[in-house]
Amino acid sequence: MRNLKLKGLKYNKGKYALYDNRFIFFPPQIIDILSSIYGEGVKSLLVWLGKKAGWALIQNWDEHLKSKTINDLVSQFCNILSNHGWGKFIAKQISEDLIIIEIYHNVSTVLEGNSKNVCYFLTGLLTGFGEYVLYRVNVTESECSINNSTLESCKFKIEKLE
């Protein structure tokens, strides 16, 4: 993982600020706690929370860096998320209709009981990002290293809707 010295990210007295907006890095165990409270209903909650966080991150980042291309924007977003500790995000395909991102070292693989709930939150993060970049999208996880331990990564497809 890269050092947290990203452009626009500042740390002072226990606070992280990304272009003067405060961000909180929370432990993934909170996702398991939400699961124990909400049961099966946690999926929609986690996707919604992730979507709000994904949109806020990329909107704030893009307003300050003024990315010139979709490739640059996707690359910046993958760097942001990789530095948050969720895993290593690598863009495998980028176009105006489809973005494929693979996540290596998904944090869920080191938690007790390999929870699929982290993937729901990541789906939300990528949905928020995808809606900012491509407007209306459908995000699916086509391969999951949690469900299939022989895979090295999770693969998410962000597809533009007509």
Next item on the list: Among the numbered conditions (1) assigned to a helix (DSSP H, G or I); (2) in contact (Cβ under 8 Å) with a residue 12 or more places away in the chain, tell me where ASP72 comes up short.
Entry: (2)
Notebook entry, point to check: Out of curiosity, is VAL118 under 17 Å from LEU81 (Cα atoms), open to solvent by less than 60 Å² (accessible area, probe 1.4 Å) and over 13 Å from the mean Cα position of the chain (by Cα)?
Noted result: no
Next item on the list: Filter the stretch 121-137 for residues that are surrounded by fewer than 21 Cβ atoms within 10 Å (Cβ to Cβ) and not hydrophobic (A, V, I, L, M, F, W, C) and give the result.
Entry: GLU131, TYR132, TYR135, ARG136
Check: When you go through LYS51, LYS88 one by one, which is the residue that is within 17 Å of ILE146 (Cα to Cα) and of a type in the set (Lys, Arg)?
Finding: LYS88
Next item on the list: List the number of the failed condition for THR140; all other conditions in (1) of a type in the set (Val, Ile, Thr); (2) in a helix (DSSP H, G or I); (3) open to solvent by less than 60 Å² (accessible area, probe 1.4 Å) hold.
Entry: (2)
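The values are calculated or read from the model by the stated rules, or taken from the named source; none is laboratory data. Here the structure is a predicted model, which means the values were calculated and not measured. In this analysis, Cβ positions are derived from the backbone assuming ideal geometry, glycine residues included, and neighbour counts consider all displayed protein chains. The protein model used for the area step is the full one, side chains on, heavy atoms only, and it has no ligands, DNA or RNA in it. Shrake-Rupley method; radii C 1.70, N 1.55, O 1.52, S 1.80 Å.
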